[in-house]
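Engineer: Here you go, one structure.
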Amino acid sequence: MLSFPPSARTGTLRGALLLAAASLTLPACNRQQPVDETAAPVISNEKPTPGPSLLSLADSSATALLLPYGRQYPASGVVLHTRHGDIRVKLYDDTPIHKANFLLLSRRGVFDESVFNRVVKGFAVQGGSSEHRTIRLNRYRLPPELRPAHFHRRGALGMARYDDEQNPGKLSSSTDFYFVQGSTMTPAQSQAMAGRPLTPEQQRAYATVGGVPSLDGRYTVFGEITEGLDVIDKIANEPVDAYKWPLKDVGIRVEILP
């Protein structure tokens, strides 16, 4: 796994949390602006919806605040609207912290201010960062919710994080999510890449639809694309700069499904 140096574009903060396959050594982008936890922004686009204050969320409080929120304000999933089309996503009930966090930030408009900021063709596309965020929120992380049944097949939705050296508890980012693109491979290849036993179902999935088995058990997968896989391919084909940020921003607008 990688840790990420400051980008020459800002030179101030570490790069946004980002997954990377064990075999990849790619520079990271940090075009995301600092999150101001003290001074109010000039304008704020935060949507007035029920739930905990974004400034109340911290590593120590996230679980206690998000779990009851998720129970009180459930949803089956979301649709991400982009200039390449719509991505319909099912969110898993057995990853309740990640699900509730994604729904809360979506309802508050946080992701509507973000873009797909990291594109590695044949691997994954990451979103959630912004150069123009007006909504105030604390930096906080989520406890891992690793479920053997949820693996990194093509279309899986996961949450990025820092590497194990900095983050031995595998705590997830609260804002940086990714969709797996990956590629197909033989059962022997997927088994070798995973470094652990794969079920027959997992081997079939990696052989037929593809994915990135090296990420299994290391990042929380909390949803999957049900419609719009082709949109991920279109985003992955975007020309990118040296930091893998698309030259033309791919913005996001999130719609909550019942």
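FYI, it's all coordinate maths here, none of it is from the lab. Because the structure is predicted, anything quoted here is derived from the model rather than measured. Here Cβ is always computed from backbone atoms with ideal geometry, including for glycine, and neighbour counts include all displayed protein chains.
Engineer: To the nearest 20 debye, what charge dipole does segment 82-203 have about its Cα centre, counting +1 at the Cβ of each Lys and Arg and -1 at the Cβ of each Asp and Glu? Before the final figure, lay out the partial values.
Structural biologist: Numbers: 18 positive and 12 negative charges, 44 e Å.
Dipole about the Cα centre, nearest 20: 220 debye.
Engineer: Give the aspartates and glutamates whose C-alpha is closer than 18 Å to that of residue 244, dropping any in the same chain fewer than 8 places away, or say none.
Structural biologist: 131, 176, 233
Engineer: Treating the beta-carbon of each Lys and Arg as +1 and of each Asp and Glu as -1, no other charges, what is the dipole magnitude of segment 132-258 about its Cα centre, to the nearest 20 debye?
Structural biologist: Details: 16 positive and 15 negative charges, 58 e Å.
Here the size comes out at about 280 debye.
Engineer: Provide the FRET efficiency to the nearest 0.05 for the residue 83-residue 134 pair, computing r from the beta carbons and using R0 = 30 Å.
Structural biologist: 0.90
Engineer: A further question follows. Give me, ordered by chain and number, the residues 5 or more places off residue 223 or on other chains with an amide H under 5 Å from its own placed amide H.
Structural biologist: Here the answer is 92, 157, since their amide H atoms fall under 5 Å of that of residue 223.
Engineer: May I ask for the percentage of alpha-carbon pairs in segment 48-164 that lie more than 19 Å from each other?
Structural biologist: 51
Engineer: Now a separate question. Whole-Å semi-axes of segment 45-116's equivalent ellipsoid, largest first, each the root of 5 times a Cα gyration tensor eigenvalue?
Structural biologist: Ellipsoid half-lengths, sorted descending, are 21, 15, 10 Å.
Engineer: Shape verdict for segment 138-242, please, from the Cα gyration tensor: rounded (a/c under 1.5), prolate (a/b greater than b/c) or oblate.
Structural biologist: On the way: a/c = 1.76, a/b = 1.17, b/c = 1.51.
Note, shape of segment 138-242 comes out oblate.
Engineer: Something else now. Which of 187, 160, 111 sits closest to the plus end of the dipole of segment 111-211, meaning its Cα is farthest towards the positive end, when Lys and Arg get +1 and Asp and Glu get -1 on the C-beta?
Structural biologist: Of 187, 160, 111, it is 187.
Engineer: Mind listing the phi-derived Karplus ³J(HN,Hα) values for segment 191-199, rounded to whole Hz, using 6.51, -1.76 and 1.60 with θ = phi - 60°, and x for any glycine or proline?
Structural biologist: 5, 5, 5, 5, x, 7, x, 10, 6
Engineer: Same structure again: Among the listed pairs 99/234; 99/170; 99/121; 47/121, give every one whose C-alpha distance is greater than 23 Å.
Structural biologist: 99/234; 99/121; 47/121
Engineer: Sticking with this structure for a sec: Which shape class, rounded, prolate or oblate, goes with segment 213-258 when its Cα gyration tensor gives a ≥ b ≥ c as root eigenvalues, a/c under 1.5 marks rounded, and past that a/b bigger than b/c marks prolate?
Structural biologist: Since a/c reaches 1.5 but b/c is at least a/b, the shape of segment 213-258 is classed as oblate.
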